[in-house]
Amino acid sequence: MVTDNDAEINPYKHVQLLIEKAVSKGELVYAITKINGKKLKDNQTQLFTKTGHTVHAQTVIFATGYEAQEEVEDKNAVILSSYAIATNQIPIS
């Protein structure tokens, strides 16, 4: 995720809380969905899944890691720093 004023956090818990909050507000969450294409235009995003479905959204969060520059289409955007976070294996419940 592209953020300002970064802090030390538990990335797994952070993402889980973001997902829970989105679901509580009525948003749809698609887990374990392979995206093999996207179309970004104006206020609409289309994501194409490996299974042939299309997801339409006004807002999409790309958790891209080091590939962030490829997802941010602002030609003035520059990665000033990046961080890698490693934890012990966390069981998914």
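Would you point out the residue of the range 1-41, among those that are modelled with pLDDT under 80 and among the charged types (D, E, K, R), that is farthest from the chain's Cα centre (by Cα)? Among those residues, the one meeting the criterion is Glu8.
In the range 36-57, the residues that are in contact (Cβ under 8 Å) with a residue 12 or more places away in the chain and closer than 20 Å to Ala22 by Cβ reach residues that are among the basic types (Lys, Arg) and part of a strand (DSSP E or B) with C-beta atoms within less than 6 angstrom, at least six apart or across chains, in these pairs: Leu47/Lys38. Taking the conditions exactly as written (touching a Ser or Thr at 6+ places or on another chain (Cβ under 7 Å) and either hydroxyl-bearing (Ser, Thr, Tyr) or modelled with pLDDT under 90 (or both)), does Val60 satisfy them or not? Spelling it out, Val60 is indeed touching a Ser or Thr at 6+ places or on another chain (Cβ under 7 Å) and either hydroxyl-bearing (Ser, Thr, Tyr) or modelled with pLDDT under 90 (or both). Is there a residue being of a type in the set (Val, Ile, Thr), over 21 Å from Ile92 (Cβ atoms) and either touching a Leu at 6+ places or on another chain (Cβ under 7 Å) or not in a helix (DSSP H, G or I) (or both) anywhere in the range 27-46? Looking for residues that are of a type in the set (Val, Ile, Thr), over 21 Å from Ile92 (Cβ atoms) and either touching a Leu at 6+ places or on another chain (Cβ under 7 Å) or not in a helix (DSSP H, G or I) (or both), one finds at least one in the range 27-46, hence yes.
The values are calculated or read from the model by the stated rules, or taken from the named source; none is laboratory data. Please read all numbers here as calculations on a predicted model, not as lab measurements. Positions of Cβ are backbone-derived with ideal geometry, glycine not excepted, and every protein chain shown enters the neighbour counts.
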